[in-house]
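The values are calculated or read from the model by the stated rules, or taken from the named source; none is laboratory data. Predicted, not measured: the structure shown is a model, and the values here were computed from it. All Cβ positions, even for glycine, are placed from backbone atoms using ideal geometry, and neighbour counts span all protein chains on display. Heavy atoms of the whole protein, side chains included, go into the accessibility calculation; ligands, DNA and RNA do not. Shrake-Rupley method; radii C 1.70, N 1.55, O 1.52, S 1.80 Å.
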Amino acid sequence: MSTEKRLSADDLVDEIRSSLAMTTGWIPVLSGLDGPPGVSEGASLSEIAQALGEFADAAAILPAVAQQLCMASESVTAASEAEGATAYGHLGSAYAHVLQARRVASDDATRNGHDLRITDDRMKP
């Protein structure tokens, strides 16, 4: 029997939001200085979905990462239009896409000989 605790809907939103945070999020760091600015600590679901879409379109974002961010944006949008378990399922999907984007970005950096370590939701050179 598993004793792992599932993340709540609020936890999922916080995790996604922290990946997009203006000063500490790994996604704004990945997109570089010319990329979108990220979101504030209290960003709404619609702001999060919009930011994910903007980062998916950013020039510095790898296509495979952009694809995951686009799917995360769509899932957050769906969550904002749903309730209860359906909204939770969409948030879980969005979180999974963000994690996959992070993995792809990290794997690419490793393959190309960069020493990028992702810790504490930040990418550090």
Within the stretch 1-54, residues among the small types (Gly, Ala, Ser) and in contact with a Phe, Trp or Tyr (Cβ under 8 Å, 6 or more places away or on another chain) come out as ALA9, SER19, SER31, GLY35
Filtering the stretch 20-29 down to residues that are under 8 Å from the mean Cα position of the chain (by Cα) and within 9 Å of VAL39 (Cα to Cα) yields LEU20
Inside the stretch 107-121, the number of residues satisfying the requirement of being surrounded by fewer than 18 Cβ atoms within 10 Å (Cβ to Cβ) and either at pLDDT 50 or above or not in a loop (DSSP other than H, G, I, E, B) (or both) is 10
Filtering the stretch 81-101 down to residues that are farther than 20 Å from GLU47 by Cβ and touching a helix residue (DSSP H, G or I) at 6+ places or on another chain (Cβ under 6 Å) yields GLN100
For helices (runs of 4 or more DSSP H) lying entirely in the stretch 1-104, having 2 or more residues that are open to solvent by 50 Å² or more (accessible area, probe 1.4 Å) and at negative phi picks out 9-19, 45-56, 63-80
Expected single match for in contact with a Ser or Thr (Cβ under 9 Å, 6 or more places away or on another chain), of a type in the set (Ser, Thr, Tyr) and under 18 Å from ALA105 (Cα atoms) among SER18, SER75, SER31 is SER18
Of the residues in the stretch 3-39 that are at pLDDT 95 or above and among the polar types (S, T, N, Q), the one that is nearest to HIS97 (Cα to Cα) is SER19
Within the stretch 34-83, of all residues that are in contact (Cβ under 8 Å) with a residue 40 or more places away in the chain and among the β-branched types (Val, Ile, Thr), the one farthest from VAL13 (Cα to Cα) is VAL65
